[in-house]
1. Within 10 Å of each candidate Cβ there may be at most 11 other Cβ atoms; applying that plus a DSSP loop requirement, which GluC sites (Glu not before Pro) in the range B:150-207 survive?
2. Kindly flag which residue pairs out of A:Lys143/A:Lys233; A:Lys29/B:Lys23; A:Lys233/A:Lys306; A:Lys273/B:Lys247; A:Lys22/B:Lys29; B:Lys113/B:Lys211 have an alpha-carbon separation exceeding 23 Å in this structure.
3. Whole number in Å², please: accessible area per residue of the range B:191-268, 1.4 Å probe, ligands, DNA and RNA not counted.
4. With the cut-off at 1.5 for a/c, could you classify the range A:1-80 from its C-alpha gyration tensor as rounded, prolate or oblate?
5. How big is the charge dipole of chain B about its Cα centre, in debye rounded to the nearest 20, if each Lys and Arg gets +1 on its Cβ and each Asp and Glu gets -1 on its Cβ?
6. Residue by residue through the range A:215-221, what is 3J(HN,Hα) from phi via Karplus (6.51 cos²θ - 1.76 cosθ + 1.60, θ = phi - 60°)? Round to whole Hz and write x for glycine and proline.
7. Report, to the nearest 10°, how far helix A:7-19 tilts away from the longest principal axis of the Cα atoms in chain A, using its own Cα long axis and a range of 0 to 90°.
8. Taking 7 Å along the Cα-to-C-beta vector as the label spot, tell me the B:Ala94-B:Ala213 distance in nanometres, rounded to one decimal.
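The values are calculated or read from the model by the stated rules, or taken from the named source; none is laboratory data. This is a predicted model, so every value here is computed, not measured. All Cβ positions, even for glycine, are placed from backbone atoms using ideal geometry, and neighbour counts span all protein chains on display. The area values use the complete protein model at the heavy-atom level, side chains included, leaving out ligands, DNA and RNA. Shrake-Rupley method; radii C 1.70, N 1.55, O 1.52, S 1.80 Å.
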Amino acid sequence: MRFELTQEQQLFREMVREFAAKEVAPRAKQVDEEGVFPHETIKKMGELGLMGVAIPPAYGGAGADTVCYAIAMEEIARACASTSTVMTVNNSLVGDLLYRFGSEAQKLRYLVPLAGGRTVACYALSEPGAGSDAAGQQTTVRKDGNVFVLNGTKNFITNALEADFAVVFATVDRGIRAKGVCALIVEKGTPGFTITKVEKKLGIRGSSCCQLLFEECRVPAENLVGEVGQGFKIAMATLDSGRIGVAAQAVGIAQGALDISLGYSMQRVAFEKPIASFQAIQWMIADIATRTEAARLMTYRAAWLKDRGGRYTREASMAKLLASETANFAATKALQIHGGYGYIYDFPAQRLFRDARITEIYEGTSEIQRVVIAQHLLS
Amino acid sequence: MPLNIIVCIKQVIDPEIPASQFKIDPGTKRQVQGSHSLVISAYDQNALEVAIQLKEKQGGKVTAISVGAATAATALKSALSMGADEAILVDDPAIAASDQQGIAYVLAKATQKVGTFDLVLTGCVSGDWGDRAVPAFMAEELGIGCVSFVSRIEAKDGQVVLRRVVEDGYELIEAKTPVLASVISDDTNTPRYPKLKDIMAAGKKTIPTWKAADLVLDPDRVGSGAARVAITDVYLPLKESKCEMIKGDTPQEQAANLAARLRELKLI
């Protein structure tokens, strides 16, 4: 057993860490407070290969492995969770989906620019009545000659406002639940496809979150990913991979919380001593560091399993569950260490506290992760 | 005109660590690495960037050389991922404690072993000790010209034009090749971030390690025995901060007193 990154993975971490410190972190406050999409940063990340980390070079990616992807997500999230949210949707929810299930033509048309960071995409699965119950899709699709016709509403769709295209899930028959679900690529500007609401969020405010409406939206038949009825399988397989990304994002937020806790506690003086010299603070720091390291190891293991080609659904769920709860624990403690300063907008503790919250909700809530883990143990 | 460029890089402890974490080992009189990472000395990265830009424009080849411990292979991998074509590590206990002149001698011998070269680039100041000696010593060893504090280089009519930064501006110096330049930073030579695919490609390249015997070094010119410079003491500067209240009955009078005091302290 070796708990070491390869030399390339170490070099890659150094590069992303430096990039994040110089290009991402200085903009994090503005991205959050003004709710601005980090267009420039995403473009630069695309040039470096960060928008298609594990996608082969033939399809515009960098051809690295899932461990590298986890490293990159962690380092970017450590600097700015909003930016890492855009990154994870492009990389795992849409990029990985197109690479694993898309046709050659779909890969060339949609995956190549996406993995190069020249386009942004979104993954439209959730609905007003179908979040955790993804098989209960109410959005319908019917075949009409050479086109598929979509009708329905999608909720809480990350990146939708800036997305050049969406991968939309819909059913051919609500009665047969999972067996009727299809995945379709829908380009921005397709008649019948509109954004009806941009949500105001607690955290990750630099990434958009929208409600989408499809009204007799006609999509070319060649935009069907896989086959009719394969959509649920595609959605779930993609979420397995996505959970590694969110786990890594949560590890990054937790590490960010540790960073600011160390920095603040060593320079903040109370009772004529740095507060880091008090055991009450030391214990909180030790707990943050220990849990963060545990979450990191589980995340890397899930990524490593994926790279080896083995099954990793349970491990991805475990990593996502532990890492997201760790991010919230770490951010809560970091805010506490900062005292009153943690509660105000001049200091980043509150941003981490707000950003961490989503990691327990999206790409499968903590409750769903427990269901997945228990099902694997009990089956 | 394609250029064969040698870039000398040094691995140092990350100089961007907080001052409070800077520690010196009183025994070795060296900085303690602790958990801090090792990086390429900052100006050496600028030199590498200048070399890669020249290669992209003119064609040719960039070879990075580092004299150091086995850990310097990581710095050389970084150089490869930025765009260097080849990298060579010179690592031998016999040269470990060499002074600046000894290191310059080793670098010169390694440069000659690489073969034909048009340009040798180094950083203008080392990121750890703040030394500026190696470039000039190395040029002397190689018997070529040396231009220091160069920010930009252009190839023109079979020569190179070097932009040398001076106090009030810059000088343009035409030089026949081969020539050595020590590089200073400016906005045209900010080191690029290596692309992920280039990091992966660099990982697959092998870095040869040359020993003293490979370079046929004169043992009397390297190592601690040959060193002409000895570090007698190293210490952290003591920083004192004092607060002085400037008196005055009105804001105007306070401002005038402040200006007078600053002038007295020769700060303005």
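1. B:Glu167
2. A:Lys29/B:Lys23; A:Lys273/B:Lys247; A:Lys22/B:Lys29
3. Normalised by residue count, the accessible surface of the range B:191-268 is 82 Å².
4. Taking the square roots of the gyration eigenvalues as a ≥ b ≥ c, the range A:1-80 is oblate.
5. 480 debye
6. Running phi through 6.51 cos²θ - 1.76 cosθ + 1.60 with θ = phi - 60° gives 10, 6, 7, 9, 10, x, 4 Hz.
7. 80 degrees
8. 0.9 nm
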